[in-house]
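The values are calculated or read from the model by the stated rules, or taken from the named source; none is laboratory data. Because the structure is a prediction, the values reported are computed rather than measured. Every residue, glycine as well, gets a Cβ built from its backbone with ideal geometry; the counts of neighbours run over all protein chains shown.
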Amino acid sequence: MSLELVKESIRVNQIVGEASTQAVIESDIIVPDTKPDVARILLLDGDVHVNRLETVQDKVIVEGVVRYNIIYVSDEDEASIKSINTAVNFSEELNIAGTRQDMNCKVKCDVEHVQYEILNSRKISTKAVIRLNGRVMNEIEKQIVNDLTGVNNIQILRKKFNVNCYLGRGDSVTSITEKMEVPSGKPAIREVLRTDVKIGNRQYKITENKIVAEGEINVSTLYIGDDERGSIQSMEHGIPFTQFVDLPGINEDGRVELDFDIIDASFEPEEDSDGELRLLKGEIELKICADGYCKRDVGSIEDAYSPRSKIDIEKQPFKVEELVGESRSQAILKDSLVLDDESPDISQVFNVIARPVISEYKVMDNKVVVEGVVKNNVLYLADNDENPVFSYEQEIPFRHTVDLDGITPDMSCDISLDVEHCNYSMISAREVEVRLILDVNTGAAKQISIPVIEKVVESPVDDKRFDSQPSITIYFAQPGDTLWKIGKRYYSVVDDIKRLNNLDDDAIKPGQQILIPRRNA
């Protein structure tokens, strides 16, 4: 019977590279024909969404859209407040060496700053500074030789590796339609000025071949009330959701990386049963993307020999990640944001948009220290007729320690931050207290190299050498010797050596006498 290689297949997601870049998106926004001329802008900001990613040679092409919300004072006689929602498409590139077509990639985009200038009453020039952070992964399926058969008394030296195997990617897109009531005591809707949408209370659980993702879509709405004064009003609603993502191969012992993304959202006032615009109909398109992993013990063959033949093995190193550990922890922040002298007094806080940014992190033994800031944009109704809607930005620094057993300073670390909860309250007309809960998801991995067998050749040995070998060879162990090395050198079976020497395990000491039996005929 000839020598046969027994293989098992593993799939891994190797990191090719990471990159970060800053891009400036310039555009001219034209006021729609249905809107009056612009006299003065009260608030202009934006968010960014990635529509499409493409990997090509050494690059990632990112196509997306910057969505602007503009609240302005019109040049009409009554100087009414109006809003414009518009979007500007962009295409940018991330240079990541080693990238090839059809590789997996992830890109996160954030708007860092927006500048604007009124060119004329119908045109606004905008300049958005966005930050793009990208990572490219190469999905590889590798055949690992874990056994050799077909040779009598073959001796195999194995080593086990705990590999972070990749199961694949699954995503799910759902449309959520909800009719939200205007709270009692507030006027009906004359015109919607702005809606801010964010996801909170994110949770998930893993079942067989499926991920159940849950959360709440928080909607903050600024609108003009249908009252005599046309007062500016605000309201908040929460829309719970449950979404299923199919991911073959995942089970409760696996782990997932989840990305929640609001692809699109639109809101329109609707009449209630009394014919008043006291309903806000929201249509939200939500996408959840999941990458699944499982920890798997892989037995790789390091060496092999046979008492009856010579076995030559050709190997190549295969680099994979071994998951050391992961942690889901929370950082609780509380601070007061005090307006500067140039900002008008607060009449009512409409919303606080919080965005966490990691400044740096330090890996130590069994822990990771994360430092950064939360950038807070306070949107409020001002006690000022000239500037009835205003925004104020202020950062809250944070330092958070993550306990992670087994991590050491030489290991790579992947950290993601999400605002799980943001609560705020007015302390005074100049001060807002903000309370934040940050979800800190931390994973640690180390690069290991698995010796992968590429080729095995069996050849006969010189029988004359063994004819002259005594039935028992007395050998004194040298520094660095193992029973495996001794058995291979003398073409003897390790178990036979242990039995003859009454050894319970493989441990031997330099100078120790070892009796080596000759191979069986």
Given the structure, is residue 284 among the β-branched types (Val, Ile, Thr), modelled with pLDDT of 90 or more and buried (at least 19 other Cβ atoms within 10 Å of the Cβ)? yes
For residues that are among the β-branched types (Val, Ile, Thr) and surrounded by fewer than 16 Cβ atoms within 10 Å (Cβ to Cβ), tally how many sit in the range 292-314. 0
I need the full set of residues from the range 341-359 which are small (Gly, Ala, Ser), under 19 Å from residue 374 (Cα atoms) and touching a residue at least 60 places away in the same chain (Cβ under 8 Å), in order please. 354
Please determine, by comparing only the residues of the range 176-188 that are within 26 Å of residue 215 (Cβ to Cβ) and crowded, with 19+ Cβ neighbours inside 10 Å, which one is nearest to the chain's Cα centre (by Cα). 180
Considering only residues that are in a loop (DSSP other than H, G, I, E, B) and among the charged types (D, E, K, R), which ones fall in the range 313-347? 340, 341, 342, 345
Here the qualifying pairs (Cβ atoms under 7 Å; residues six or more apart or on different chains; first in the range 167-182 and over 11 Å from residue 287 (Cα atoms); second of a type in the set (Asp, Glu) and in a strand (DSSP E or B)) come out as 169/291; 177/283; 179/270
In this structure, does residue 297 turn out to be among the acidic types (Asp, Glu), under 30 Å from residue 148 (Cβ atoms) and in a strand (DSSP E or B)? yes
Residue that is nearest to the chain's Cα centre (by Cα) [pool: residues in the range 226-236 that are surrounded by fewer than 18 Cβ atoms within 10 Å (Cβ to Cβ) and of a type outside the set (Asp, Glu)]: 235
Restricted to the range 90-140 and to residues being assigned to a strand (DSSP E or B), over 21 Å from the mean Cα position of the chain (by Cα) and of a type in the set (S, T, N, Q), the residue farthest from residue 413 (Cα to Cα) is 120
Does the range 165-175 contain any residue that is on the phi > 0 side of the Ramachandran plot, part of a strand (DSSP E or B), surrounded by 16 or more Cβ atoms within 10 Å (Cβ to Cβ) and assigned by TED's automatic domain parsing to the domain that holds residue 216? yes
Test of understanding: among 10, 61, 41, which residue is without any contact (Cβ under 8 Å) to a residue 40 or more places away in the chain, surrounded by 14 or more Cβ atoms within 10 Å (Cβ to Cβ) and of a type in the set (Val, Ile, Thr)? 61
Looking at 166, 116, which is the one that is modelled with pLDDT of 90 or more, aromatic (Phe, Trp, Tyr) and within 27 Å of residue 455 (Cβ to Cβ)? 166
Please work out if residue 310 is in contact with a Ser or Thr (Cβ under 7 Å, 6 or more places away or on another chain) and part of a strand (DSSP E or B). yes
Which condition does residue 53 not pass, out of (1) touching a Cys at 6+ places or on another chain (Cβ under 8 Å); (2) over 15 Å from residue 129 (Cα atoms); (3) surrounded by 19 or more Cβ atoms within 10 Å (Cβ to Cβ); (4) not basic (Lys, Arg), if it passes all the others? (3)
Of (1) under 44 Å from the mean Cα position of the chain (by Cα); (2) on the phi > 0 side of the Ramachandran plot, residue 399 satisfies every one except (2)
The range 422-445 residues that are in contact (Cβ under 8 Å) with a residue 60 or more places away in the chain and at negative phi, paired with ones that are hydroxyl-bearing (Ser, Thr, Tyr) and crowded, with 22+ Cβ neighbours inside 10 Å (beta carbon under 9 Å, 6 or more apart): 426/380; 432/380
Does the range 330-337 contain at least one residue that is surrounded by 14 or more Cβ atoms within 10 Å (Cβ to Cβ), among the charged types (D, E, K, R) and more than 22 Å from the chain's Cα centre (by Cα)? yes
Given (1) under 20 Å from residue 45 (Cα atoms); (2) in contact with a Phe, Trp or Tyr (Cβ under 8 Å, 6 or more places away or on another chain); (3) not hydrophobic (A, V, I, L, M, F, W, C), residue 435 misses just (1)
Single match in 2, 9 (criterion: closer than 30 Å to residue 155 by Cα and not in a strand (DSSP E or B)): 2
Turns out the strands (runs of 3 or more DSSP E) fully within the range 416-521 with at least 1 residues that are in the same structural domain as residue 371 (by TED's automatic domain parsing) and out of contact with any Ser or Thr (no Cβ under 9 Å at 6 or more places or on another chain) are 431-460
